[in-house]
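Chemist: I have a structure here, written as structure tokens, and I will follow up with some questions on it.
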């Protein structure tokens, strides 16, 4: 069972990162948190919610930004 949970977390993190990359492709820069979440509501609503993003990246929005380049 833990493997599924781990795999699900990895999948969700990748979905978030793919969405942020779409933002960058559309807007031309890496977003601030609230800028992304506003965009996400209109342009990519099927991606994880703000609360889920912070559960997936407990170190906060900077962890999302860091994961984009790692």
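The values are calculated or read from the model by the stated rules, or taken from the named source; none is laboratory data. Because the structure is a prediction, the values reported are computed rather than measured. Quick reminder, even Gly has a Cβ in these numbers, built from the backbone with ideal geometry, and neighbours come from all protein chains shown.
Chemist: Could you list all residues from the stretch 1-49 that are more than 13 Å from the chain's Cα centre (by Cα), touching a residue at least 12 places away in the same chain (Cβ under 8 Å) and exposed (fewer than 12 other Cβ atoms within 10 Å of the Cβ)?
Modeler: Listed by number, the list holds a single entry, 26.
Here's the yes/no breakdown for (1) closer than 20 Å to residue 8 by Cα; (2) in contact with a helix residue (DSSP H, G or I) (Cβ under 8 Å, 6 or more places away or on another chain); (3) assigned to a helix (DSSP H, G or I); (4) at pLDDT 95 or above:
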{"site": "23", "(1), (2), (3), (4)": "no, yes, yes, yes"}
{"site": "39", "(1), (2), (3), (4)": "no, yes, yes, yes"}
{"site": "51", "(1), (2), (3), (4)": "yes, no, yes, yes"}
{"site": "62", "(1), (2), (3), (4)": "no, no, yes, yes"}
{"site": "66", "(1), (2), (3), (4)": "no, no, yes, yes"}
